[in-house]
Amino acid sequence: MIERLKRYWTIIRRPSVHFSLGFLTLGGFIGGIIFWGAFNTAMELTNTEKFCTGCHEMRDNVFVELKSTIHYTNRSGVRAMCSDCHVPHDWTDKIARKMQASKEVWGKIFGTISTQEKFRDKRLELAQREWARFKANDSLECRNCHNYESMDFTRQSVRAQNMHTTYLANKEKTCIDCHKGIAHHLPHIPPGQGPSDSPGQVVPKEGGEALAPTADPAGEKKGG
């Protein structure tokens, strides 16, 4: 064993044309750390609220809607950012999601939802994709903040208690089944496909979806 280690050490110390193999190995290791740090930093920058709302398609539509919900402003001061709900926290799932979301660049280039009218027309399709993703991963992003085991059912409404202690407990339903309109306005949903378990989630009639209010340069909202 010792002789083998000595042999390996001799190989590592053996110089290349200009540098020893040991120097190249150490340089590669340091370079790898720098690359990984830069990559991870860039990845986290794409998860910031500033980045997510950098394009007017998001800033003038869904972000305006988010501002009126409890996920944006509440008594505890805990704000859910775009990435908290739309980007998995696990690293491997996060990378897969980023690759999947890269198609949004294509949509930006060709103006798929460049106006509020276009956004409204595509809204159901976009929403259904996210609902399906949440359904497939058992509303993982919701559960990163809302832990079933930590719920105090005595502080919930009777309706919420019944739903959580039955359908959520036995996994017959997941969060997104009942909370589709919790952070953004609902699009028109064909009969039979809309949320039916949460009060206050009124599905707009076909063609009656409200456009999000726009903001003037001074930051004040205008009617959409």
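Just a few scattered comments:
- Between the range 149-187 and the range 111-138, the alpha-carbon center distance in angstrom: 22
- The listed residues 146, 184 rank as 146, 184 when sorted by accessible area, largest first, using a 1.4 Å probe.
- By accessible area with a 1.4 Å probe, ligands and nucleic acids excluded, highest first: order of 49, 149: 149, 49
- Protein accessible area in the range 36-135, 1.4 Å probe - carbon and sulfur %: 63
- For residue 70, solvent-accessible area (1.4 Å; no DNA, RNA or ligand), Å²: 100
- Per residue, the accessible area of the range 26-165 comes to 66 Å², computed with a 1.4 Å probe over protein heavy atoms only.
- Going by accessible surface with a 1.4 Å probe and the largest first, 102, 83 read 102, 83.
- Residue 126 sits with roughly 60 Å² accessible to a 1.4 Å probe, with DNA, RNA and ligands left out of the calculation.
- Residues residue 23 and residue 125, FRET efficiency given R0 of 45 Å [Cβ-Cβ distance, rounded to 0.05]: 0.25
- Under Karplus coefficients 6.51, -1.76 and 1.60, residue-wise ³J(HN,Hα) of the range 154-163 in Hz, glycine/proline x: 5, 9, 9, 5, 4, 4, 5, 4, 4, 5
- Note, ³J(HN,Hα) from phi for the range 77-84, Karplus 6.51, -1.76, 1.60, rounded to Hz, x at Gly and Pro: x, 8, 9, 8, 8, 3, 5, 4
The values are calculated or read from the model by the stated rules, or taken from the named source; none is laboratory data. Model, not experiment: these values are computed from the prediction. Cβ atoms come from the backbone with ideal geometry, glycine included; neighbour counts cover every protein chain shown. Note: areas computed on protein heavy atoms with side chains; ligands, DNA, RNA excluded. Shrake-Rupley method; radii C 1.70, N 1.55, O 1.52, S 1.80 Å.
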